[in-house]
Amino acid sequence: SSGINAEWPLRPGFLLGGIGELNDKREPNFLVVKKDTTIGDIESHLKRLLARKDIGIVLINQHIANDVRHIMEAHTAAIPALLEIPSKEHPYDPSKDSILKRAKGMFNIDDMR
């Protein structure tokens, strides 16, 4: 299963794709982030998603990830994987993606030769 923290414009597509659901405890695997959504709400939802055993990947808009970067960087487990995605108004910036930075640090160009 996947978890999603995203702005409203992305949610309908994910829901139509069958990603949005409730688990046995009636906990959603998504959070629609609106203007009035607090950073605390995003943090607590992300922590819950990262602790769930039925979640394999968490998708989060990069500009939202920037607000909870400390949680993103503290997450070291391979599963659930964290994936930062662009939004309609905020293009993807690879220099801000902490997971990409971590992956780049794992490889040396000389290892590829």
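Summary of computed values
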| item | result |
| --- | --- |
| Anisotropy class of the stretch 41-106 from Cα gyration tensor, a/c 1.5 cut | oblate |
| For residue 82, residues with placed amide H under 5 Å, excluding near neighbours | 58 |
| 25 Å Cα-Cα threshold exceeded, pairs from 35/101; 25/47; 25/101 | 35/101; 25/101 |
| Residue among 51, 39, 71 farthest towards the positive dipole end of the stretch 23-105, charges placed on Cβ | 51 |
| Table column - 3J(HN,Hα) (Hz), the stretch 38-45, Karplus curve with 6.51, -1.76, 1.60, x for Gly and Pro | 7, 4, x, 5, 5, 4, 5, 5 |
| Cβ-based net charge around residue 27, under 9 Å, with every Lys or Arg adding one and every Asp or Glu removing one | +3 |
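We did not get these values from a lab; they are worked out from the coordinates using the rules stated. These numbers were taken from a predicted model, which means no experiment stands behind them. Quick reminder, even Gly has a Cβ in these numbers, built from the backbone with ideal geometry, and neighbours come from all protein chains shown.
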